[in-house]
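Encoded as structure tokens, the structure appears first; notes follow it.
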Amino acid sequence: MINEINIHQEREWKKYVSQSLEFDSYHTWEYHNLTKDGIPVLLVYHENNDFIAIPLLKRNIPNTDLYDMTSVYGYTGPISNRLFTDIPTEMKENFKRDLHQFFKKNQIVSVFSRLNPFLDQLPLMNSFNGVHDNGNSVVINLEQSLEQQRLKYDYSLIKQIKKLKSAGFYIQESKSPKAIREFTEIYTENMKRVGASDYYMFTEEYFSNFLHSMEFHSKLFIVYHEEEAVCGGIILFTQTIIQSHLAATKTAYLKYSPAKFLTDEFSQIGRQLGMKFFNLGGGLGFKKDSLFDFKSSFSDIYYEYKTWRYISDPENYLKLLMDANIDPDNSVDFFPLYRCPKSLIHEMELKF
């Protein structure tokens, strides 16, 4: 049977995360408590003294009595008190059966979850349909020396970093109201420039609550030039992993690429904190775009990044597509397809 832990059951949620053999900041109760995109739940399956848990966000499907589930921004997927490679096949099958029954009972049409490339979740998730390849995430190995790391940088990268330092760019760490306000302004301008959806828009209050969390560790760094805040980034670190969570640069300073200076600094901070891996992430939508090229200039190590796209109620899924006048065979990369913006559907139709 699946036990549903809601966001008001703080102690229970934290207990399962802390008892997990491996987890990330994105699994924590506080991280989920900050989200506004749905109702956070932790679905837990028990078998004797072992458990498997997966955090998700429950959402009503507009104009219906149906629901779907998604995951928070970041890398989540299942956690357990055992390595997924060591979980018996019978337990995996029982978890799969009970989870599907939970979805059916609660009228869940589809489930989307970002998986974590560092937690080796595939031995469990491959027993389900819908594991989807989303490309690569760029990773820096922090167990090598800084000198070895920099030998893998693009030829011009170290020169650019040194040039920024000589030009008077400098970095400061802070969680002060001033620094949070500066970062919020830079981040908001950046998101508007790239045409990001509301999903990626965060407020100053959100960043303040995020940075003062007691359950996961984060740091905010600002790049300044002549006392003007020009670039900023937030890093998360849990167990052995440091994540480049969010970063942004003022439009007027993009030509100087201060984010390169910041990324190199993050790798040094990660080493000081005893981290083993620095996850830079991938391109926009995990495509091989200019953002991916930027991250690849720091490392030639790539981890496969996958998502779980599970249709738990095929009949209602198809009906929702028909109601939205969407072709089920549409090739647009969006899940669940019935929530796809009409503009994206139209853009894809024009290409073919």
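Since every read-out is calculated from the coordinates, none of them should be taken as a lab result. Note that the coordinates shown come from a computational prediction; the quantities given were computed from them, not determined experimentally. Cβ placement follows ideal geometry from the backbone for every residue including glycine, while neighbour counts extend to all protein chains displayed.
How high is the relative contact order of the stretch 211-352, given as a whole-number percent (alpha carbon pairs under 8 Å, six or more residues apart)?
Result for the stretch 211-352 is 13 percent.
Measuring from the lowest to the highest alpha carbon on each principal axis, how far does the stretch 27-111 reach, largest first, in angstroms?
Principal-axis extents of the stretch 27-111 (Cα, largest first): 41, 28, 17 Å.
Extension gain Gln19-Asn33, at 0.36 nm per residue separation less the Cα-Cα distance, in nm?
Length gained, Gln19 through Asn33: 3.1 nm.
So between Arg193 and Lys342, what do we pick up on full extension, going 0.36 nm a residue minus the alpha carbon distance? Write out the running numbers ahead of the final one.
Working: separation 149, 0.36 × 149 = 53.64 nm, distance 2.12 nm.
Extending this stretch completely gives an extra 51.5 nm.
Using +1 at the Cβ of each Lys and Arg and -1 at the Cβ of each Asp and Glu in the stretch 138-304, identify which of Gly283, Ile158, Ile222 lies farthest towards the dipole's positive end.
Result: Ile158, furthest along the dipole toward the positive end.
Remind me, relative contact order of the stretch 138-304 in percent, using alpha carbon pairs under 8 angstrom and six or more residues apart? All intermediate terms of the calculation are to be shown ahead of the outcome.
Values: 262 pairs, mean separation 55.8, N = 167.
Computed over the stretch 138-304, the figure is 33 percent.
What share of all Cα pairs of the stretch 1-146, in percent, falls into each consecutive 10 Å distance bin?
Answer for the stretch 1-146: a P(r) of 11, 41, 36, 10, 2, 0 percent.
GluC sites (Glu not before Pro), restricted to the stretch 187-255: which are DSSP loop and have at most 11 other Cβ atoms within 10 Å? Walk me through the intermediate numbers first.
Details: sites: Glu189, Glu204, Glu205, Glu215, Glu226, Glu227, Glu228; in loops: Glu215, Glu226, Glu227.
Sites meeting the loop and neighbour criteria: Glu226, Glu227.
Give the whole-number value, in cubic angstrom per residue, of the convex hull volume spanned by the C-alpha atoms of the chain. Mind dumping the intermediate values first?
Working: hull volume 52.1 nm³, N = 352.
Expressed per residue, the convex hull around the Cα atoms of the chain is 148 Å³.
With each label point set 7 Å from Cα along the Cα-Cβ vector, what nm distance links Asn141 and Asn330?
4.3
Over the stretch 88-139, consider all pairs of different Cα atoms and compute the Kirkwood hydrodynamic radius from their mean reciprocal separation; express it in Å, one decimal.
Value: 12.8 Å, from the Cα pair sum.
Which percent, nearest 5, of DSSP beta bridges in the chain are antiparallel? Mind dumping the intermediate values first?
On the way: 58 of 64 bridges.
Here the antiparallel bridges make up roughly 90 percent for the chain.
Kindly write out, for the stretch 319-329 in residue order, the coupling ³J(HN,Hα) from the Karplus curve 6.51 cos²θ - 1.76 cosθ + 1.60 (θ = phi - 60°), rounded to whole Hz, with x marking Gly and Pro.
For the stretch 319-329, the Karplus curve yields 4, 5, 5, 5, 5, 8, 6, 10, 5, x, 8 Hz.
Tell me, what is the percent relative contact order of the chain, built from C-alpha pairs under 8 Å that lie six or more residues apart?
20
Where does the stretch 138-304 land on the Kirkwood hydrodynamic radius, alpha-carbon pairs, in angstrom? Provide the component values of the computation, followed by the final result.
On the way: mean 1/r = 0.0614 Å⁻¹.
Hydrodynamic radius (Kirkwood, Cα only) of the stretch 138-304 equals 16.3 Å.
Pull up the DSSP beta bridges for the stretch 138-304 and report the antiparallel fraction as a percent, rounded to 5.
Of those bridges, close to 90 percent are antiparallel.
Given labels modelled 7 Å from the Cα in the Cβ direction, how far is it in nm from Met1 to Glu185?
5.5
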